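The values are calculated or read from the model by the stated rules, or taken from the named source; none is laboratory data. Every value quoted in this text rests on a predicted model; they were computed, and no experiment measured them. Neighbour counts are summed over all protein chains in view; Cβ atoms, including those assigned to glycine, are modelled from backbone coordinates with ideal geometry. Just the protein is used for accessible areas: all its heavy atoms, side chains included, with ligands, DNA and RNA removed. Shrake-Rupley method; radii C 1.70, N 1.55, O 1.52, S 1.80 Å.
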Amino acid sequence: MLRNMALAITATGLRKTFGTTTALDGLDLTVEEGEVHGFLGPNGSGKSTTIRILLGLLRKDGGEVTLLGRDPWTDAPDVHCRLAYVPGDVVLWPNLTGGEVIDLLGRLRGGLDATKRAKLLERFDLDPTKKGRSYSKGNRQKVALVAALASDVPLLLLDEPTSGLDPLMEKVFQDCLREVRAEGRTVLLSSHILSEVEAVAERVSIVRKGVVVDTGSLADLRSLTRSTVVATLGTPLDLSATRAWPGVHAADLDPTNAQRVTLWIDTDHVGEVLRSLGEHGIRALTCQPPSLEELFLSQYKDDLAEVSP
Amino acid sequence: MTELDGTGPLLQLAWRRDSWVVIASVLAIVLLAYSSMAATLSLYSTDAEARAAAALMSATSSVKAMYGPLPALTAEGVGVIKTITMGGLGAAFLAHALVRRHTRTEEEEGRLELVAAGVVGRRAPLAAAVILAASAVLSTGLLCALSLMSLKVSPAGSLALGVVVAVAGLVMTGVSAVAAQLTTTTRGAGGIALALLGLAFILRAVADTSGIPVLGWLSFLGWAERVSPFGANRLWILAPAVVALAVLLAVADRLLHRRDLGSGLWADRPGPATASPRLGTPLGLAWRLQRGALAGWAIGYAVLGLVVGSLAGSAGAIASDPKTAEMLRKMSGGHGSATDVFFGTELRFAALGAAAYGMSAALRLRSEEAPGRAEIVLATATTRWRWLLSHALVALGGATLLMAVVGTAAGVSAARSGVIGVGALLGAAASTLPAVWVSTAVALLLFGLLPRRSAMTWAVLAGFLLLGELGALLKLPDWVQGISPFAHLGSLPGGPADLAGAVVLVVIAGGLAAYGGVAFGRRDLVS
Ligand SMILES: Nc1ncnc2c1ncn2[C@@H]1O[C@H](COP(=O)(O)OP(=O)(O)OP(=O)(O)O)[C@@H](O)[C@H]1O
Ligand SMILES: [Mg+2]
């Protein structure tokens, strides 16, 4: 890779327990400078906990963590003037207006860009004169988003930033993130909206039960999982022999039609398997690469076998 | 579905969440009633002794202003006088806290929406809160009555004390129910209801000291006092209190139906689109968030000071009786005139209020942290220390300001009668500050150390108050009474200041606050 490999975020063996619950159990995460990094995982897997440790809001129980080359717990103010944070559930001050909050957070961070602010308010269609208590959920979220995006900081930590945004605003957000990426800034984006991650992220890390179970580019992750091939054949297949073909994980006959077979195969071995199937006279065939949805479902589930038998 | 559907389950939920606090508060009030009566009865061996003490107390205007006139010049009268005020106020605070917590707070934090979307009627949350508060208050009254009866004093008088507690608590239940409908925030609702409680107290104090006792009927604390347990025993005053509660609930109900869930009666107006230059630092934010409450307190303290000061003349008058003057001097530890004792007592009372302000302002840290607002501030370049100190500064500075205001206002209005000067009263007000700061620092300590339990701060303040009120009466050992910082304040005006004590208190305050800050710096932010 040609990219400058400087790291914006590193976490190794991160551990955090709350009483008897283990939220993080040796989590490793690296985010390179200038990338948008998707941070995915089921509810309660430890995404927000990780981000709060990265922000120095929670204290880690073990492991190492650096943010922009510094320790976020001891050097919090230095690190914080170079990052912006959007939580998934923004709580505003009831009697401060959205505009006041945007300015306040910007100034506390060390300044914000007035023209950017004005543009963002317009793009997100946000009324800055409303009081915090009268904003809807989505609009509260927008206040924090505008405050974060209007600053010139090199790192954005976004924890489900679009929860509650309508599809139109979701699109505006994705456009903004693309611009942020074009400016060479780094983003850690935790999200449950896979299309959003697919649209903007270059690499993703998938966390489950406090451990990162997979990390890499979306293309890499795809190749790790299985495609589904459904074929109707001229001559029947010997299932047990088929299961021994390289790359085949499982095979099944349609109970109502003995010539219809479903195979679950490694995406890398699609070519070989098709050649072998050809010997049986293919009459109809569909081959599906794993959808992102399946990819994540398979990672989220406790046991991979449950998804692809 | 009727509008009251779901009241039962909500009530159960509220009880499950708060049973401990309710039980502890009720028992504290009952204990206050029982122990002050028991201790007073054992203090006087003869009726004559009791009568002499009662006569002295009823002639003391600081007693009158704080507690009202003695209901009877007997040992029972002396034994019940403090409970009339403190028990009534305690029940009022309890009722207020419960109503506010289960209506406005729930609504503000959005939990009520979850509930309202279910099978819960529109009136149910308010109904559940009112039932909980009224039951707590009535149980308190009943238990107070029973506990006094166990001391073999007049049953009618015992029952009357129960009525005192019930009257104050029930009317405050209604007041809080209305206040909760008026604003969108817990703090706003609290501000309105507690301001009315303060007004009721001041009206009652003025009525009892100014010679226009009829004024007291304007105040529900005045009603409670006029039940006069062990004196006139006007049990019937419970009836107007219940009527007042019903009327207030009807008003609250009307308001409830005129507004939307989550909103107050007054719609929000748009505000500025950009922040003023001052709103750009942690201190600027803390000031912006707290200035409204401080302004309200300051106005209240100015009024309190003016009222107290205007009573200076009548305070001096009693001292003309040489026997009374002599006993007063003894009571005050041998220092100063009746006027001095009067102002000393009132200012110490004001100092407890200022401590309550300091604590509530310091606990703002917690109410910023719990919902997650602290998180977005601390994710900026703001350090934890700076954030903590900005609120601590408002709390300590605000409490200091309040004492300056009450001292100055009292001084200015007392100076007209020429018995005492502004300087003397300002000095006396200043002498209470170390205790106020220690109290505020307790809140900072608990915030840092036990964030989820930081409301225990109020129990600490109640403890200081009770030690001051009952410590001597119960003959508690000196070191126990000395736990309260208010026991180390010297005896200004008139007497000597306790400089060494003040220095020690300031050091303790600094130590507690610093420890709280260090603990906060080391812990997780918790919701
Ligand atoms: N303050 C806390 N006290 C106790 N347990 C906590 C606390 N914060 C988080 N946890 C627990 O830690 C685990 C991880 O929670 P976390 O909020 O990090 O999950 P998440 O991945 O962000 O989930 P979601 O997708 O729902 O936002 C959960 O089991 C949660 O219950
Ligand atoms: Mg989360």
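Data overview
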| quantity | calculated |
| --- | --- |
| Exposure rank, largest accessible area first [B:Arg453, B:Arg104; 1.4 Å] | B:Arg453, B:Arg104 |
| Accessible area per residue, Å², the stretch B:1-263 with all protein chains present, probe 1.4 Å | 40 Å² |
| Compactness of the stretch B:430-472 as Cα Rg over 2.2 N^0.38 Å, two decimals | 1.26 |
| Fraction of accessible area attributable to carbon and sulfur, chain B (%, probe 1.4 Å) | 69 percent |
| Rg [Å, one decimal], Dmax [Å, integer] - the stretch B:419-527, C-alpha atoms | 16.0, 55 |
| Residues whose placed amide H lies under 5 Å from that of A:Val36, excluding near-sequence neighbours | A:Val187, A:Glu202, A:Arg203 |
| Hydrodynamic radius (Kirkwood) for the protein assembly as shown, which is based on Cα pairs only, to one decimal in Å | 30.8 Å |
| Chain B, helix-only ellipticity at 222 nm - DSSP H runs n ≥ 4, -39,500 (n - 2.57), divided by all residues, nearest 500 | -24000 deg cm²/dmol |
| Surface/4 of the Cα convex hull for chain A, nm² | 19.7 nm² |
| Cα gyration tensor category, rounded, prolate or oblate, for the stretch A:1-102 with a/c compared to 1.5 | oblate |
| Subset of A:Lys60/A:Lys137; B:Lys64/B:Lys475; A:Lys16/A:Lys142; A:Lys16/A:Lys209 violating a 21 Å alpha-carbon distance limit | A:Lys60/A:Lys137; B:Lys64/B:Lys475; A:Lys16/A:Lys142 |
| In Å, descending, principal axis extents of the Cα set of the stretch A:68-110 | 36, 22, 13 |
| Debye equation applied to the C-alpha atoms of the stretch A:226-289, log10 I(q)/I(0) at 0.23, 0.30 Å⁻¹ | -0.92, -1.61 |
| Apportionment of accessible area to carbon and sulfur, chain A, percent (1.4 Å) | 51 percent |
| Isotropically averaged projected area of the stretch A:55-204, using the convex hull of Cα atoms (one quarter of hull area), nm² | 9.1 nm² |
| Farthest positive-ward along chain B dipole, Cα basis, beta-carbon charges - from B:Ser139, B:Leu476, B:Tyr515 | B:Tyr515 |
| Hull volume in cubic angstrom per residue (convex hull over the Cα atoms of the stretch B:25-103) | 73 Å³ |
| Accessible surface of A:Thr21 - all protein chains present, 1.4 Å probe, nearest 10 Å² | 80 Å² |
| Mean accessible surface per residue for the stretch A:151-266, computed with a 1.4 Å probe while every protein chain stays in place, in Å² | 41 Å² |
| Protein accessible surface hidden between A and B, which excludes ligands and nucleic acids, total in Å², probe 1.4 Å | 3100 Å² |
| Dimensions in Å of the stretch B:144-220 - Rg and Dmax from alpha carbons | 15.9, 49 |
| Hull volume in cubic angstrom per residue (convex hull over the Cα atoms of chain B) | 154 Å³ |
| For chain B: relative contact order, % (alpha-carbon pairs under 8 angstrom, 6 or more apart) | 14 percent |
| Cα gyration tensor shape of the stretch B:279-527, rounded if a/c is under 1.5, else prolate or oblate by comparing a/b with b/c | prolate |
| Quarter of Cα convex hull surface for the stretch A:178-222, i.e. mean projection, nm² | 3.5 nm² |
| Solvent-accessible area per residue, Å², over the stretch B:279-527 with all protein chains present [probe radius 1.4 Å] | 39 Å² |
